[in-house]
Amino acid sequence: QLVESGGGLVQAGGSLSLSCAASGGIFVTYAMGWFRRAPGKEREFVAAITWNGGAETYADSVKGRFTISRDGAKNTLYLQMNSLKPEDTAVYYCALRECVSFKPLTSDDYDFWGQGTQVSVSS
């Protein structure tokens with residue numbers, strides 16, 4: 001089970017931090033990621049991180065503004081979002097991939113998904 005928290009409403013240029021706690025029946029983690037779905041748009045990749053090595057991957061649209069991190073002891077994933085823009089408005093989902101896959105971390109080939117948390121950025 002993945003549970004996100006930390007969404008909310010912020011003005012453009014502001015910051016928000018999202019968290020995603022993993023619990024219950026998840027024993028193996030290869031990587032975790034953040035995706036988002038804006039109104040009227042398809043879900044898109046935001047960022048991902050490998051659990052052991054900590055290798056980070058970002059979408060071009062958030063590179064330099066967002067930072068993904070994880071705390072293995074707490075089984076928690078984070079997304080620090082700075083310099084937010086109105087186009088960052090979306091429901092943000094965390095996802096977990098248990099094992100190595102031929103599909104890149106930017107694809108939606110993940111085993112578990114959270115319920116989503118709303119991030120709204122006003123202009």
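Odds and ends about this structure:
- Residue among Ser69, Ser107, Ser83, Ser122 that alone is among the hydroxyl-bearing types (Ser, Thr, Tyr), touching a residue at least 12 places away in the same chain (Cβ under 8 Å), on the phi > 0 side of the Ramachandran plot and open to solvent by less than 70 Å² (accessible area, probe 1.4 Å): Ser83
- If the condition is being farther than 15 Å from Glu4 by Cα and either acidic (Asp, Glu) or in a strand (DSSP E or B) (or both), then region 100-119 contributes Asp108, Asp109, Asp111.
- Residue check for Val62: in contact with a strand residue (DSSP E or B) (Cβ under 9 Å, 6 or more places away or on another chain) and open to solvent by 50 Å² or more (accessible area, probe 1.4 Å): no
- Here the condition is being of a type in the set (Val, Ile, Thr), touching a Gly at 6+ places or on another chain (Cβ under 9 Å) and under 12 Å from Asp88 (Cα atoms); of Val10, Val46, it holds for Val46 alone.
- Scanning region 33-79 for residues that are over 20 Å from Gln115 (Cβ atoms) and in contact with an Asp or Glu (Cβ under 9 Å, 6 or more places away or on another chain) gives Ile49, Thr50, Ala59, Ser61, Val62, Arg65, Phe66, Thr67, Ser69.
- Residue that is nearest to Val10 (Cα to Cα) [pool: residues in region 110-119 that are in contact with a Gly (Cβ under 6 Å, 6 or more places away or on another chain) and surrounded by 18 or more Cβ atoms within 10 Å (Cβ to Cβ)]: Val119
- Residues (within 20 Å of Val3 (Cα to Cα) and either in a loop (DSSP other than H, G, I, E, B) or modelled with pLDDT under 95 (or both)) located in region 33-66: Ala38, Arg43, Thr50, Trp51
- Residue count, region 86-99 (criterion: outside any strand (DSSP E or B), open to solvent by 10 Å² or more (accessible area, probe 1.4 Å) and modelled with pLDDT of 95 or more): 3
- Residues of region 1-12 satisfying the condition of being on the phi > 0 side of the Ramachandran plot and surrounded by 15 or more Cβ atoms within 10 Å (Cβ to Cβ): Gly6
- Identity of the residue in region 13-32, part of a loop (DSSP other than H, G, I, E, B), in contact with an Asp or Glu (Cβ under 9 Å, 6 or more places away or on another chain) and open to solvent by less than 60 Å² (accessible area, probe 1.4 Å), that ends up nearest to Leu96 (Cα to Cα): Thr29
- Check on Gly54, open to solvent by less than 40 Å² (accessible area, probe 1.4 Å), within 22 Å of Ser23 (Cβ to Cβ) and without any contact (Cβ under 8 Å) to a residue 24 or more places away in the chain: yes
The values are calculated or read from the model by the stated rules, or taken from the named source; none is laboratory data. All values reported here derive from a predicted model rather than from experimental measurement. Counting neighbours? That spans all protein chains shown, and the Cβs are built from the backbone with ideal geometry, glycine included. When the accessible area is computed, the model is the full protein with side chains, heavy atoms only, and any ligands, DNA or RNA have been set aside. Shrake-Rupley method; radii C 1.70, N 1.55, O 1.52, S 1.80 Å.
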